[in-house]
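The structure appears below as structure tokens.
Read-outs throughout are calculated quantities, based only on the coordinates presented, and are distinct from any laboratory measurement. All values derive from a computational prediction rather than experimental measurement. A quick note on method: Cβ atoms are made from the backbone with ideal geometry, for glycine too, and the neighbour counts reach across all protein chains shown.
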Amino acid sequence: MEQNLELNQLAKDALREGAKWTFFLSILGFIGIGFMLVVAIFMTITFSAMPSELNGYGMLGAMRGFMSLIYFLMAVIYFFPVYYLYKYSTNLKTALQFNNSNLLADAFVNLKSHHKFLGIGIIIFISLYLLILVGLLFTVIGSSIF
């Protein structure tokens, strides 16, 4: 038996206010992505202008192209949660304006995708930190034995 969920005015006002803030945060996210891409392009241009003799200087030479790639990948990865947040806020505003339950459902699907993406990302980062910690532990133990 399916029941219809109805929102009272307090809930609608809270969602409307939340939609404004999530829209603001998503716009700031898109601006941040733009800055990341500008930095990636700037680093690519700067590092390509450096002399190739830097390859003999250890980490600086090895990091020439790697840093711009990191910024580009960060911008690509960061795009998805920001996009989901943007779609959530725009669909939610429109759904509340026209009392459209289908758009409200789409808004919540985008919010779920946003949270799911962030949750998986956090799990990945925690796992990487743990792997790095274990690697450092084995390095310290291995260096103290020899």
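Assorted remarks:
- Convex hull per residue volume in Å³, alpha carbons only, for region 67-146: 76
- Straight-distance candidates among the lysines for linking to LYS87, with alpha-carbon spacing under 16 Å and chain neighbours fewer than 8 residues away dropped: LYS20, LYS112, LYS116.
- Ranked by the mean number of other Cβ atoms within 10 Å of their residues, highest first, the peptides 74-81, 135-142, 9-16, 89-96 come out as 89-96, 74-81, 9-16, 135-142.
- Label-point gap, in nm, between SER48 and VAL76 - each point 7 angstrom along Cα→Cβ: 1.8
- Applying 1/(1 + (r/R0)^6) with R0 = 30 Å to the Cβ-Cβ distance of THR139 and LEU69 gives a FRET efficiency near 0.70.
- Set against the labelled values [x] 10, 23, 23, 20, 13, 7, 3, 0; [y] 9, 27, 19, 11, 8, 8, 8, 6, 3, 1, 0; [z] 12, 39, 27, 15, 6, 1, P(r) over Cα pairs in 10 Å bins from 0, in percent computed from this structure falls on [x].
- Calculated FRET efficiency for the pair VAL39/ALA14, C-beta based, R₀ 30 Å, to 0.05: 0.20
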